[in-house]
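Where a number appears in this text, it was derived from the coordinates with a stated rule and is not lab data. Model, not experiment: these values are computed from the prediction. Every residue, glycine among them, receives a Cβ derived from its backbone with ideal geometry; neighbour counts consider all protein chains shown.
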2 protein chains.
Amino acid sequence: MKQLMKITFILATFFSSHAFAAGDIEAGKAKAATCVACHGSAGISTQDMWPNLAGQKAGYLAIALKAYKDGTRKNAIMSGMATSLSDDDIINLAAYYSSL
Amino acid sequence: MKQLMKITFILATFFSSHAFAAGDIEAGKAKAATCVACHGSAGISTQDMWPNLAGQKAGYLAIALKAYKDGTRKNAIMSGMATSLSDDDIINLAAYYSSL
């Protein structure tokens, strides 16, 4: 039982520090310079076909960007945008847009 | 020139009444009964990995649901949810969530 609790604690620590890392909002804001043309300067998109990002869940935003990057989600514009993003960029962008 | 304006008017009318049909917010709300478990009763999702839908652009929501339905966008949960939706359901759900 003690061993099980220890494993649970280690796993919880791992996931809270990695999978759900908080991200750097300021770094995300700097990286968002190329996003504003479509998603707006405050995360409210400029066309009905493009999603608002302001206030969106950070976890979902990170999942979406990773899916565009690895090709499991495809979009003519976003696939190109996401390929150049590092894992840190993705976490930071997600933190920035969810903070708006 | 008059002919060209006429064609433009017809096309504009077609697109405004079809591709960007407004949707029935009340019908969308009724259809959203199965969405609330994940996306919340007010369109704010219950987990970080799932997107908020409240206030999202209707056009984007409709595109996303259609992509889940036709399989161009894949997700274990959403692919199953979207298959049973009619085109009207999709437009109505998009109208409802964008209205929140």
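At-a-glance table
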| item | result |
| --- | --- |
| Residue mean of other protein chain beta carbons inside 10 Å, A:58-66 | 3 |
| Simple spin-label estimate for A:Lys29 and A:Asp88 in nanometres, 7 Å along Cα-Cβ | 1.9 |
| Shape of region A:21-66, Cα gyration tensor, a/c cut at 1.5 | oblate |
| Residue-by-residue Karplus 3J(HN,Hα) for region A:51-56, coefficients 6.51, -1.76, 1.60, Hz, glycine and proline x | x, 5, 10, 4, x, 6 |
| Reference-scaled alpha-carbon Rg (2.2 N^0.38 Å with N residues) for region B:55-100 | 1.05 |
| Calculated FRET value between B:Asp70 and B:Val36, using beta carbons and R₀ = 25 Å, to 0.05 | 0.55 |
